[in-house]
Amino acid sequence: MSTNSPEPVLIFDTTLRDGEQSPGCSMNLTEKLEMARGLRDLGVDIIEAGFPIASVGDFEAVRAIAREITGPIICGLARCNNADIDRAAEALKDAPRRRIHVFLATSAIHREFKLKMTREEIIKRAVDSVQRARQFTDDVEFSPEDAARTELDFLTEVCIAAAEAGAKTLNIPDTVGYAVPSHYAAIIRHLKANIPHSDKLIFSVHCHNDLGLAVANSLAAVQEGARQIECTINGIGERAGNTALEEIVMALRTRYDFYQLPTRINTKMLYPLSRKLSSITGMQVQRNKAIVGQNAFAHEAGIHQDGMLKNRSTYEIMRPEDVGIPSTELVLGKHSGRNALKHRVEELGYKLDDQQFQQLFESFKALADRKKNVYDADIEALIDNQFHSGGEIWTLLNFTCSASFGVPPTAAVTLKHRDGHTVCEPAIGDGPVDAVLKSIQKGTGVELKVTDYRVRSVTGGLDAQAEATLEVEYENKKLNGRGLNTNVIEASALAFLQVINRIAQRQIRPRLKPTDHVPTEVVPTI
Ligand code: KIV
Ligand code: ZN
């Protein structure tokens with residue numbers, strides 16, 4: 001980049017922290033590492049890898065990412081107390097570039113009802129915490145939680161104190177998604193104008209999407225000089241989610257004429273990483289989701305199609321290939337060889353080692369025997385099925401089920417446990433899928449309440465692969481499962497088994513959320 005080019009806006013990804021803590025998005029260590037590798041390849045500047053004190057699983061994931069991932073800064077979240085900060089420092093200590101992100105609520109509502117602290121106490125706690133974090137790293141970020149609802153004079157005071165204590169990044173969260181663009185922009189403008197040496201600080205934005213304004217608010221703040229954007233893949237996050245990384249990055253890129261601000265993101269990795277996250281969490285993006293939704297580049301209206309054929313720019317402001325959606329769908333079939341498959345897999349953004357590719361090739365051949373045309377979505381489905389599950393405890397061996405009129409549906413599913421023993425418990429259900437799920441529950445001994453169940457076909461035609469997704473409730477948590485197969489019932493059984501395996505692996509541990517109110521007696525104080 002020439003010396004005259006503007007400095008890139010920093011992309012701070014919090015998929016593995018703010019995103020992961022939202023219902024149905026929990027990931028295990030293997031999945032988090034896989035996502036972290038994807039984020040590194042995408043080119044994000046900072047990966048917020050987790051909240052180390054929240055659970056042992058979070059700590060281990062942050063530590064593993066800190067040890068493996070080089071390139072981006074690895075960040076860990078901590079509340080403003082010694083125990084949190086020390087735990088974050090411990091998890092991050094092997095990262096060549098590490099950041100501790102400390103946060104403390106500042107709004108009157110949080111001060112009065114959650115923290116029961118005065119303004120003076122808040123300032124003191126923030127200063128002490130930033131100073132403590134600085135003992136472990138020079139790179140400390142401070143967030144006044146609920147900043148958008150904090151009195152502007154007090155917000156400014158806290159930020160000045162945090163900056164003087166050594167915070168180099170001041171993040172201004174709109175924790176509850178209350179801000180609107182001109183309001184949020186005015187906050188950033190005010191802080192930049194009133195904090196001494198603000199040109200030496202990075203102002204960061206962290207927006208939630210409760211009013212559907214997270215991306216718009218972030219862009220408005222960038223116009224006022226914010227130079228770090230906190231965001232998540234597919235916009236996952238608390239409630240309505242966080243600023244969607246793919247949307248903000250493509251807005252800056254597509255409207256470079258207006259913002260004149262680059263990012264370091266390799267936009268061709270956006271779509272593959274969005275798909276990877278969906279496959280890991282089982283949480284699909286809506287069809288009309290900007291940038292990565294199935295319809296984002298589909299032109300249906302005749303008048304649009306006509307325009308597109310004459311010149312793509314009539315109705316297309318971005319090209320699908322710019323975000324990594326393969327431009328031409330190359331259909332494979334049973335006569336396609338290894339090279340064709342390998343080429344396609346690479347175009348779809350996957351990196352497989354030789355052994356994984358061999359495994360894929362075998363399942364591709366098996367699928368091509370059952371299905372005339374194998375589309376991109378089928379290949380993605382095969383890869384997701386094979387490589388994104390990780391260390392199953394239960395595997396499906398076979399099942400029978402009956403569905404006839406006038407007789408209750410029955411099923412008997414045979415499952416194999418990792419220790420070698422098998423189970424098969426017959427069950428009766430309301431329908432064949434229900435019977436299969438009941439049989440699985442009886443066999444594994446895990447009782448679950450299914451709160452959502454959907455089936456869709458990943459490609460067209462009657463021989464298409466079915467994708468079953470379901471959401472279950474387990475110990476007050478929502479978990480998602482996803483299964484793919486040409487047989488709808490098998491896809492459903494696989495989706496259910498994915499959830500059962502997560503539970504069996506005890507990867508879903510109770511954890512604190514950063515916003516949880518913690519009774520004072522368990523909050524280690526400084
Ligand atoms: O939304 C929020 O306030 C947060 C903070 C922890 C930065 O996620
Ligand atoms: Zn947040």
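The values are calculated or read from the model by the stated rules, or taken from the named source; none is laboratory data. Quick caveat: nothing in here was measured; it's all calculated off a predicted structure. Here Cβ is always computed from backbone atoms with ideal geometry, including for glycine, and neighbour counts include all displayed protein chains. Just so you know, the surface numbers come from the protein's heavy atoms only, side chains and all, with ligands and any DNA or RNA stripped out. Shrake-Rupley method; radii C 1.70, N 1.55, O 1.52, S 1.80 Å.
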Would you say Gly50 is within 30 Å of Glu346 (Cα to Cα), of a type in the set (Gly, Ala, Ser), open to solvent by 10 Å² or more (accessible area, probe 1.4 Å) and modelled with pLDDT of 95 or more? no
Look at Glu475 and say whether it is crowded, with 21+ Cβ neighbours inside 10 Å and either outside the structural domain of Asp378 (by TED's automatic domain parsing) or over 23 Å from the mean Cα position of the chain (by Cα) (or both). no
Per the list (1) closer than 19 Å to Gly237 by Cα; (2) in contact with a Lys or Arg (Cβ under 9 Å, 6 or more places away or on another chain); (3) open to solvent by 10 Å² or more (accessible area, probe 1.4 Å); (4) not in a loop (DSSP other than H, G, I, E, B), residue check on Ala64 breaks on (1)
Residues in the stretch 131-175 that are within 23 Å of the chain's Cα centre (by Cα) and assigned to a loop (DSSP other than H, G, I, E, B) total 2
Among residues belonging to the stretch 9-30 that are within 16 Å of ligand 1 (Cβ to nearest atom) and part of a loop (DSSP other than H, G, I, E, B), point out the one that is nearest to Lys478 (Cα to Cα). Pro23
Selection within the stretch 149-162 - open to solvent by 10 Å² or more (accessible area, probe 1.4 Å) and within 16 Å of ligand 1 (Cβ to nearest atom): Arg149, Thr150
Being over 25 Å from Gln260 (Cα atoms) and more than 16 Å from ligand 2 (Cβ to nearest atom) narrows it down to one residue among Thr175, Thr156; which is it? Thr156
What number of residues in the stretch 211-233 are free of Cβ contacts under 8 Å to residues at least 60 places away in the same chain, open to solvent by 10 Å² or more (accessible area, probe 1.4 Å) and either under 17 Å from the mean Cα position of the chain (by Cα) or under 17 Å from Thr14 (Cα atoms) (or both)? 1
Within the stretch 238-260, the count of residues that are surrounded by fewer than 19 Cβ atoms within 10 Å (Cβ to Cβ) and away from ligand 1 (no atom under 16 Å from the Cβ) comes to 8
Of the residues in the stretch 273-296, those that are out of contact with any strand residue (DSSP E or B) (no Cβ under 9 Å at 6 or more places or on another chain) and surrounded by fewer than 22 Cβ atoms within 10 Å (Cβ to Cβ) number 7
Which count do you get for residues in the stretch 176-212 that are out of contact with any Asp or Glu (no Cβ under 6 Å at 6 or more places or on another chain), under 26 Å from Thr137 (Cα atoms) and either assigned to a loop (DSSP other than H, G, I, E, B) or not polar (S, T, N, Q) (or both)? 11
Filter the strands (runs of 3 or more DSSP E) completely within the stretch 386-457 down to those with at least 3 residues that are on the phi < 0 side of the Ramachandran plot and exposed (fewer than 14 other Cβ atoms within 10 Å of the Cβ). 394-404, 449-457
